[in-house]
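Single-structure report; data block below.
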Amino acid sequence: VRWMMYWIIFALFMATETFTDLLISWFPFYYEVKMAFVIWLLSPYTRGASLLYRRFLHPTLARKEKDIDAFLTRARERGYDTMLRLGKRSLNLAATAAVQAATKSQGALAGRLRSFSMQDLRSLPEQD
């Protein structure tokens, strides 16, 4: 549980740091403070990640749990519908390509068969 809390908080930190780095990286000792913060999060003595998770993140997630579940349900349904639609479309394209290839090759096969004369066919050895 401790590591789960750490990685969740660290992931949020990294996501926000991507944007804030552009704005405040010019502050003196910015990188040192950032490194100290990560050590504070990770340290088993300070338990910074657990503190932040239990005090801020968990209450927020608990309040928004129904909204998050509804969003995930809608996303799953949309994903399922999208996969069905794309699957049907790809099967239709494959069937169309197969029919076109068969139509083109059928003409070539008929022309090839017409080129054989009966004498050519009689000269083939018979197999049982």
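The values are calculated or read from the model by the stated rules, or taken from the named source; none is laboratory data. Computed from a predicted structure; not experimentally measured. Methodologically, a virtual Cβ is constructed for each residue, glycine included, from the backbone with ideal geometry; neighbour enumeration extends over all protein chains shown. The protein model used for the area step is the full one, side chains on, heavy atoms only, and it has no ligands, DNA or RNA in it. Shrake-Rupley method; radii C 1.70, N 1.55, O 1.52, S 1.80 Å.
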Exercise. Would it be correct to say that residue 70 is in contact with a Lys or Arg (Cβ under 8 Å, 6 or more places away or on another chain), surrounded by 10 or more Cβ atoms within 10 Å (Cβ to Cβ) and at pLDDT 90 or above?
Worked result: no
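Here's the yes/no breakdown for (1) within 22 Å of residue 3 (Cα to Cα); (2) touching a Ser or Thr at 6+ places or on another chain (Cβ under 7 Å); (3) open to solvent by less than 50 Å² (accessible area, probe 1.4 Å):
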{"position": "26", "(1), (2), (3)": "no, no, no"}
{"position": "32", "(1), (2), (3)": "no, no, no"}
{"position": "37", "(1), (2), (3)": "yes, no, no"}
{"position": "53", "(1), (2), (3)": "yes, no, yes"}
{"position": "56", "(1), (2), (3)": "yes, no, no"}
{"position": "90", "(1), (2), (3)": "no, no, no"}
{"position": "96", "(1), (2), (3)": "no, no, no"}
For this session: State whether the residues of the range 92-107 include one that is at pLDDT below 90, under 28 Å from the mean Cα position of the chain (by Cα) and of a type outside the set (A, V, I, L, M).
Result: yes
Problem set entry | Which numbered condition residue 10 misses (of (1) loosely packed, with under 11 Cβ neighbours inside 10 Å; (2) in a helix (DSSP H, G or I); (3) aromatic (Phe, Trp, Tyr)) | (1)
Seminar exercise, completed: Residue count, the range 1-36, condition at pLDDT 90 or above, farther than 19 Å from residue 52 by Cβ and among the β-branched types (Val, Ile, Thr), comes to 0
Problem set entry | Condition met for residue 36 (free of Cβ contacts under 8 Å to residues at least 60 places away in the same chain and not assigned by the TED database to the domain that holds residue 9) | no
